[in-house]
1. With a ≥ b ≥ c the root eigenvalues of the C-alpha gyration tensor of region B:54-109, is it rounded (a/c under 1.5), prolate (a/b larger than b/c) or oblate?
2. Using the Cα centre as the reference, give the magnitude of the dipole from point charges on the C-beta atoms of the protein assembly as shown (Lys, Arg: +1; Asp, Glu: -1; all else neutral), rounded to the nearest 20 debye.
3. Among B:VAL132, B:ASN60, B:GLY101, pick out the residue whose Cα is farthest towards the positive end of the charge dipole of region B:38-139, where Lys and Arg carry +1 and Asp and Glu carry -1 on C-beta, about the Cα centre.
4. Would you calculate a helix-derived [θ] at 222 nm for the protein assembly as shown, using -39,500 (n - 2.57) for each DSSP H run of n ≥ 4 and dividing by the full residue count, to the nearest 500?
5. At 1.4 Å probe size, with the rest of the protein present, what percent of the exposed accessible area of chain A is carbon and sulfur atoms?
6. So how much slack lies between B:SER163 and B:SER37, counting 0.36 nm per residue of separation and subtracting their Cα-Cα distance, in nm?
7. For A:LYS144 and A:ASP224, FRET efficiency with R0 = 25 Å and r from the beta-carbon atoms, rounded to 0.05?
8. Note the angle between two axes, namely the Cα long axis of helix B:3-16 and the longest principal axis of the Cα atoms of chain B, as a number of degrees from 0 to 90, rounded to the nearest 10.
Amino acid sequence: MNKRYQNALSCFLGLALAASTASAHRLWLLPSSHVLSGTDHWVTVDAAVSNDLFFPNHVALAPESIQIIEPDGEFGTIENAMKGHIRGTFDFHVSKEGTYRVLNQREGYFARWTEGGEGKRMRGDLAELKEAGVFAKEGVAVMKSLSRLETAVTVNNPTVDVFASTGEGIEFVPVTHPNDLFANETVTFGFLLNGEPAEGLEVEVVRGDDRYRDEPGLQTLVTDAEGQIEISFDEPGRYWLDTSSSQDAGTLEGAPLSLRYGLTMTFEVLPE
Amino acid sequence: MKTKTQSALKAALLSTGCLQSTAALQLETTIEIPRLSVAEYHRPYVAVWIEDSDRKAVENLSVLYDVKMSNDEGETWLKDLRQWWRKSGRSQDMPIDGVSGPTRPPGIHRIVYRQGESGFFNLPAGNYAFVVEASREVGGREMIRIPFEWDGQNLPELSAQGSRELGTVTFKLQTNPES
């Protein structure tokens, strides 16, 4: 991990944890195109936390917290980055064929304890928590969190190299490629939890433009033994998918440790 | 679809023994691009292909787009022929020899595919569909799918009517007059 990425992570951590505790606030990355033909394009991406999909109305995501993974695994360059009050935005140049992954990955620790009858909490990386003496506090509980927010953009033929598993957290498996989605077709999405098929994961899927309808239209699906869901989309549009998983994981430095993993994606469904 | 004509033709061919003849065939298509009264008109991109019964593209017949634009910029909008793009285009190296061609103005366009030049005639017997998809910059998009049965020799005359971006589309099999 390079230094710049690390800095971006720690800067972003506070917001990430805040967002994860307020479920109505949805994190999203919205590229200007998901499917491209030819080989020389610019894609512009909006990045925000909001209630309505996909309208910025709450907090911006910092462009520096986002990585572009190119079809061959190289890291792309973020250009024209701007962080406004309620929307972050940036461009990236697309000159390779295949699937690009736009990824915001957040990880860190969150500790809670009570001191003098007052609830205390601290976020940071492990070293920061140790330095602050958090593990010596009475009744401290620690959560380790790893969350990904991502979307995919494909030039010409879709490829899957960018979805290679790291073996940690929740990861998307492109059984059906996320840039090959059409309305009224059944598609299969897979999920891994720490590199293994994630069975029993609750996956929420909702179409954007919720501002223009009365019903939230949220679908909740549960992954099968292969860690997969099958879904079909009644309407074309831009969709948002979110899933998370928490588990107890013994102790860390004597404190009870829990793990929280999250994955949030945006994708596009085309009409036939 | 003129199945009656086709049956009659088939009977005639059988009686004269022509069905077994080796005279080269050709597929004649006509595609009508309607004249539209819009403020900003661009000629449509049009793709014509054959799908098998699983709706997989098995043969590209034509792709009409801005082939001559510099830096292959014409390819930028090929994705808007979204079914063709998905089923075939995105895995092709453009331009495709004998398939790619320039866009056409409004009117009725006749395109002929000759046996020996087009892979259509080598398709194994089975159920297929002709598909024509048209997409216009700052305009609409339309796709017509015409199913047919193919035995390697015979084809009923097929036609369908578009409603917006395409007019009448026809397909018929002929003997190549030059063969």
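1. Numbers: a/c = 1.71, a/b = 1.26, b/c = 1.36.
Oblate.
2. Working: 42 positive and 64 negative charges, 178 e Å.
Magnitude of the dipole: close to 860 debye.
3. Highest projection toward the positive end goes to B:VAL132.
4. Values: 4 runs with 45 residues, N = 451.
About -3000 deg cm²/dmol.
5. On the way: 5530 of 12380 Å².
Looking at chain A in its full context, I get 45 percent from C and S.
6. Values: separation 126, 0.36 × 126 = 45.36 nm, distance 1.45 nm.
Full extension from B:SER163 to B:SER37 adds 43.9 nm.
7. Working: r = 27 Å, r/R0 = 1.09.
The calculated FRET efficiency here is 0.40.
8. Around 40 degrees separate the two axes.
The values are calculated or read from the model by the stated rules, or taken from the named source; none is laboratory data. If you're wondering where the values come from, they're calculated on a predicted model, not measured in any experiment. Quick reminder, even Gly has a Cβ in these numbers, built from the backbone with ideal geometry, and neighbours come from all protein chains shown. Quick note on the areas: whole protein, heavy atoms, side chains included, nothing else; ligands and nucleic acids left out. Shrake-Rupley method; radii C 1.70, N 1.55, O 1.52, S 1.80 Å.
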